[in-house]
Amino acid sequence: MLGIVRQKMLEQSLKKIPPAVSVLRSYSSAAKQMTIRDALNSALDEEMSADSKVFLMGEEVGEYQGAYKITKGLLDKYGPERVLDTPITEAGFTGVAVGAAYYGVKPVVEFMTFNFSMQAIDHIINSAAKTNYMSSGQISVPIVFRGPNGAAAGVGAQHSQCYAAWYASCPGLKVLAPYSSEDARGLLKAAIRDPDPVVFLENELLYGESFPVSDEVLDSSFCLPIGKAKIERKGKDVTIAAYSKMVGYALKAAETLEKDGIDAEVINLRSIRPLDRSMINASVRKTNRLVTVEEAFPQHGVGAEICASIVEESFAYLDAPVERIAGADVPMPYAANLERMAVPQVEDIVRAAKRTCYRSVS
Amino acid sequence: MAFYLKNPRNIINNLKSKVGLWSLMKQSHSTCCYSSCLNTIHLHRFLPLTTLPQFTNPESISHKKGHFPHFQRFQSTTTEKQIDSVPNDEHNQVLDFPGGKVVFSPEMRFLSESPSVYSQCYRVLDDAGQLISHSNFVPVSEEVAVKMYSNMVTLQTLDTIFYEAQRQGRISFYVTSIGEEAINIASAAALTSDDIVFPQYREPGVLLWRGFTLQEFANQCFGNKADYGKGRQMPIHYGSNKLNYFTVSSTIATQIPHAVGAAYSLKMDKKDACAVTYFGDGGTSEGDFHAAMNFAAVTESPVIFICRNNGWAISTPTSDQFRSDGIAVRGQAYGVRSIRVDGNDALAMYSAVRSARQMAVNEHRPILIEAVTYRVGHHSTSDDSTKYRPADEIEWWRMARDPVTRFRKWIEINGWWGSEAESQLRSSIRSQIAERAEKPPVNDLFTDVYDNIPSNLREQEKLLKETINRHPKDYPADVPI
C-alpha cells in the first residue's frame with residue numbers, strides 16, 4: 001500500500017518536470033574546446049578569486065603545481081597561505097581542513113587519489129558529513145574533497161578503486177561525478193559554494209580530454225545544480241545511465257546501437273548523491289528498458305541503487321529486467337590484458353542494451 | 001616513563017624533588033626548551049636553526065652567502081644546493097643538509113630512549129595548599145580565585161548528581177571528571193571567551209566556566225526538547241556555538257587536528273585568539289595526535305594542546321600506552337614548545353595556560369601542556385574501574401590529592417574564603433536543576449542532515465507522520481509529533 005502511495009507521489013512530482021531537453025545543445029557558433037584539467041583549474045581560480053575564504057590543501061598542490069597539474073599556477077597567484085602543501089598525512093590534513101571549515105573558511109582538499117582518502121575516511125564521515133546533524137545545525141562544514149577516482153591505466157589494485165558508492169551511502173555528504181568540461185566547471189563551482197561537505201570524484205584519464213564549451217560555461221558565474229542529471233543523448237528504446245568516464249563509453253555504445261536500429265538514451269548522472277531519481281525514472285518510463293554502467297565493484301554499487309529505485313517507483317513500466325554493468329568483482333589486476341577485462345568496455349554496454357531489447361547478442 | 005601508580009607515595013616523592021624554582025619560563029624563548037634537554041638526554045649535535053648561532057663554529061662560514069633553508073613555511077621553500085663539507089679542524093665538520101646545518105662527530109652515540117631524569121613537573125602549591133617558596137606563577141585576583149573555586153565545587157556536584165541519575169536509570173550514560181576539576185576550571189579561567197575550545201569529553205568544566213547552566217547540561221543529558229542538540233547525541237556530548245565550545249565527538253583524538261585547522265584560520269583572520277584542545281594520555285597514541293602536532297609546528301598555528309595525563313585509558317595504564325617519558329617530551333620531537341604541570345594544582349595550571357596562550361597568540365606557535373593528574377572516577381558509567389585497579393589507590397587520590405580541597409586551603413589562607421561561604425555555595429548549587437521536560441519533536445529527526453532539507457527526507461518525514469497517525473498505539477505517547 002505504501003508502494004502505491006509513493007508511485008502516486010512520484011507521478012505528481014514527475015508532472016512538474018519540464019521536458020528534458022538538453023540546454024547546451026545550443027552552442028555558440030565558435031565553440032571553444034577545453035580540457036577537463038583546464039576546466040577544473042579555471043573553476044578553482046575563479047572561486048578563489050571571488051571568495052577569499054576559499055583555500056586549497058593537499059599533497060603537491062603548490063610548488064609541484066598539483067600531482068596532476070590541476071592546481072597549476074594557483075600558488076603563484078594566491079600565495080602559500082591559500083595554497084597549502086601539506087605533510088604526508090591524509091588523516092592529518094583532512095582533520096585540519098575540517099577544523100578550518102568548522103571555523104568558517106572554505107577548504108578544498110585534494111586527495112592524490114581517492115584511494116588515499118581511506119586513510120582519512122573517519123574525518124570525512126564522522127567529522128564532516130555528520131556534524132551539521134549532530135550539532136543540530138550549529139556547525140556547518142563547507143568543505144570540498146576532490147581528486148581522481150576509479151581506474152587509471154596500469155596502476156594496480158590500491159590505486160584503482162571507485163568510491164562513489166561508499167561515499168554516496170552516507171547521509172550528510174553530497175557526491176558529484178563530472179564527465180565533460182562543462183560538468184567539471186559547473187559542478188566544482190557549485191561544490192565550493194555549497195555549505196555542505198561535497199565529495200568531488202574526478203577521473204585521471206579524462207583530465208587531458210577536450211570537450212566543447214559554450215560562452216555561458218566559460219562565464220565566471222556559471223554553476224550547475226547539484227542533484228540534477230543530464231541527458232547527453234536523447235533516445236526512445238533503452239536508457240543507459242552512467243557517470244564519469246563511462247558516460248563516454250555509453251555514448252560510443254549508443255552510436256554502435258544506432259546502426260542496429262536501437263535508439264539509446266544516455267543519462268549522465270552528474271550527481272551520485274543526491275541521485276536524480278525523477279529524471280532516471282522519467283526516462284525509463286519512456287524507454288521501458290534500463291542499463292546502468294559503472295567502473296566500480298558491482299556489489300552495493302550505484303547501479304544497484306538505481307535498480308532499486310526503478311523497481312520501487314516504475315516497476316510496471318519495465319519491459320525487461322534491469323541490466324547492471326560494473327567492474328569485475330576482483331581487486332584491479334595490473335597486467336594490461338587483465339586490467340582491460342576487469343573494467344566495462346563499449347562492447348559490454350552494447351550487448352547489455354541488446355539483451356534488454358531481446359535481441360540476440362551474437 | 002610510565003606514570004603507572006602502583007605505589008603512589010613514590011611518585012609524590014619524585015614530584016616533590018622536582019618542585020621548586022623553574023625560571024626557564026621567564027627566559028627568552030629561543031633557548032627555553034632546548035636548555036632543558038641539557039640535563040636529560042645526551043646533547044646531540046643537530047639543533048634547529050633558531051639556536052644555530054650559538055652552536056656554529058664562527059670560522060665555518062659556508063661558501064654561500066645566501067640564506068639558510070628556512071623552516072618557516074611562508075618564505076621561499078626552494079631547497080639549497082648541497083655543498084661539500086667545509087673542514088675547519090679535525091673535530092668540527094659542518095654540512096648543509098636540506099633540513100639545516102649538521103655538525104659531525106666521530107663518536108658513535110645513540111640518543112637514549114629514555115631520559116636519565118624525568119622531565120620536570122611545574123607546581124606552585126603543595127599538598128597543604130601552601131605556596132611553595134621561590135615559585136613563579138601568574139597572580140590571580142580574589143574574584144577570579146573565588147570564581148575558580150566555586151566552579152570546581154559546582155563541577156563536582158554536577159558530576160555527583162548526574163552520576164546518580166544514571167545509576168537510577170534516568171539517563172543512559174554519564175562521564176565524570178572527578179579528580180580533574182583543576183585542569184577543567186583553571187585552564188578555562190586562563191583563556192578568553194574568544195578562544196575556541198575543542199574538547200575530548202572530560203572537560204565540561206570549561207563549558208561551565210563560560211556560562212553553560214546546570215539546566216543546559218541537564219537538557220543535553222536527558223535529550224529533551226530544550227536540548228541544543230535536538231536530542232541527537234548521547235549524554236555528555238555538549239556543544240555551544242555561542243560559548244565557542246565545540247560539540248563533543250565520541251571518536252578519540254579527532255578534535256586535535258580540527259583545533260589546528262581552526263587555529264590556522266584564526267591566524268589567517270588575524271584574530272586575537274587561539275584554539276585550545278584537550279585529550280587524554282590514551283588519545284596521544286592516535287595518528288591524529290601526531291599529524292596535528294606536526295602540522296601545528298609547520299604551519300605555526302596558535303593552538304594549545306592540553307593533555308590530561310590521568311594515568312588510565314579505560315583499563316589501559318600508561319605503561320601499556322607508551323614508553324616515552326609522558327607526553328611533554330614529545331613536543332620537542334615535533335618542534336613544539338611544551339611543559340609538564342601538576343594537573344591538580346589549580347594555580348600552576350592557570351599560570352601555565354595563561355603563559356601558553358600569550359605565546360601562542362603573540363608568537364604564532366603551538367604549545368603542548370601535559371597536565372599530570374589521576375582519573376578518580378570510572379572511565380564512564382559503563383565501567384567499573386575496581387576491576388583493574390586497587391580500590392585503595394582510587395580512595396587515596398580522591399582524598400589526599402583532591403585538587404578542590406587543595407585550592408580551597410589556599411584561598412582560605414589568603415582570607416578569601418570561609419566555612420560559611422562554603423555551606424552557602426553547596427546549598428545553592430543543588431537547587432538549580434529542574435526535572436521533567438518534553439522530548440524533542442519527530443521532525444527533528446530529519447533536519448540538519450544538509451543545510452537545506454532534501455526532498456527525499458521531506459517525503460520520508462511525511463510518510464512517517466502518516467504511519468504514526470494510523471498506528472498511534474505503536475509509538476510512544478510522550479513524543480510530540
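The values are calculated or read from the model by the stated rules, or taken from the named source; none is laboratory data. Since the structure is predicted, the reported quantities are computational estimates derived from the model, not experimental observations. Reconstructed Cβ throughout: ideal geometry from the backbone, glycine too, with neighbour counts over all protein chains shown.
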> residue A:266 passes all but one of (1) in contact (Cβ under 8 Å) with a residue 60 or more places away in the chain; (2) more than 20 Å from residue A:170 (Cα to Cα); which number fails?
Replying inline: (1)
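Run down A:117, A:28, A:42, A:49 and say which single residue is over 23 Å from the mean Cα position of the chain (by Cα) and modelled with pLDDT of 95 or more.
Numbers: A:117 fails: over 23 Å from the mean Cα position of the chain (by Cα); A:28 fails: modelled with pLDDT of 95 or more; A:42 fails: over 23 Å from the mean Cα position of the chain (by Cα).
The match here is A:49.
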> Which of (1) assigned to a loop (DSSP other than H, G, I, E, B); (2) surrounded by fewer than 24 Cβ atoms within 10 Å (Cβ to Cβ) does residue A:216 not meet, given it meets every other one?
Replying inline: (1)
>> Restricting to the stretch B:228-263, and then to whatever is facing chain A (nearest Cβ under 7 Å) and of a type in the set (Lys, Arg), can you tell me which residue is farthest from residue B:202 (Cα to Cα)?
In response: B:230
> Among the residues of the stretch A:246-276, which ones are in a helix (DSSP H, G or I), surrounded by fewer than 24 Cβ atoms within 10 Å (Cβ to Cβ) and touching an Asp or Glu at 6+ places or on another chain (Cβ under 7 Å)?
Replying inline: A:251
>> Which residue is farthest from residue A:166 (Cα to Cα), if the candidates are limited to the stretch A:305-362 and must be at pLDDT below 95 and of a type in the set (Phe, Trp, Tyr)?
In response: A:358
> Does residue B:272 qualify as being of a type in the set (Asp, Glu) and at pLDDT 95 or above?
Replying inline: yes
>> I'd like the full set of residues that are farther than 18 Å from residue A:192 by Cα and of a type in the set (Val, Ile, Thr), limited to the stretch A:71-124.
In response: A:86, A:88, A:89, A:113, A:121
> Pick from A:127, A:160, A:140, A:136: which is among the small types (Gly, Ala, Ser), crowded, with 24+ Cβ neighbours inside 10 Å and at the interface with chain B (Cβ under 10 Å from one of its Cβ atoms)?
Replying inline: A:127
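Under the condition of being part of a loop (DSSP other than H, G, I, E, B) and more than 8 Å from chain B (Cβ to nearest Cβ), which residue from the stretch A:80-106 is surrounded by the fewest Cβ atoms within 10 Å (Cβ to Cβ)? Before you say what the answer is, go through the steps one by one.
Filtering the stretch A:80-106 for residues part of a loop (DSSP other than H, G, I, E, B) gives A:80-82, A:86-89, A:104-105.
Still in the running and more than 8 Å from chain B (Cβ to nearest Cβ): A:82, A:88.
Working: A:82: 19, A:88: 12.
Restricting to residues being part of a loop (DSSP other than H, G, I, E, B) and more than 8 Å from chain B (Cβ to nearest Cβ), the top hit is A:88.
If you check residue B:253 against the conditions, is it hydrophobic (A, V, I, L, M, F, W, C) and closer than 18 Å to residue B:338 by Cα? Lay out the reasoning, then the answer.
Values: hydrophobic (A, V, I, L, M, F, W, C): yes; closer than 18 Å to residue B:338 by Cα: no.
Considered against the rule, which asks whether it is hydrophobic (A, V, I, L, M, F, W, C) and closer than 18 Å to residue B:338 by Cα, residue B:253 comes out as no.
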>> Can you tell me which residue is surrounded by the fewest Cβ atoms within 10 Å (Cβ to Cβ) among those in the stretch B:287-312 that are in a loop (DSSP other than H, G, I, E, B) and within 12 Å of chain A (Cβ to nearest Cβ)?
In response: B:300
> Does the stretch B:416-434 contain at least one residue that is part of a helix (DSSP H, G or I) and within 14 Å of chain A (Cβ to nearest Cβ)?
Replying inline: no
> If we scan the stretch A:131-142, do we find a residue that is of a type in the set (A, V, I, L, M) and out of contact with any Asp or Glu (no Cβ under 9 Å at 6 or more places or on another chain)?
Replying inline: yes
> Do we find a residue being exposed (fewer than 15 other Cβ atoms within 10 Å of the Cβ) and under 30 Å from residue A:175 (Cα atoms) anywhere in the stretch B:432-441?
Replying inline: yes
>> Kindly evaluate residue B:284 against the criterion of being under 30 Å from residue A:83 (Cα atoms) and facing another protein chain (nearest Cβ under 8 Å).
In response: no
> Among (1) surrounded by 13 or more Cβ atoms within 10 Å (Cβ to Cβ); (2) within 29 Å of residue B:223 (Cβ to Cβ); (3) assigned by the TED database to the domain that holds residue B:184, where does residue B:427 come up short?
Replying inline: (1)
> Out of the stretch A:312-343, which residues are assigned to a loop (DSSP other than H, G, I, E, B), touching a Gly at 6+ places or on another chain (Cβ under 7 Å) and crowded, with 18+ Cβ neighbours inside 10 Å?
Replying inline: A:326, A:332, A:343
> If only one of A:209, A:204 is acidic (Asp, Glu), surrounded by fewer than 18 Cβ atoms within 10 Å (Cβ to Cβ) and assigned by the TED database to the domain that holds residue A:94, which one is it?
Replying inline: A:209
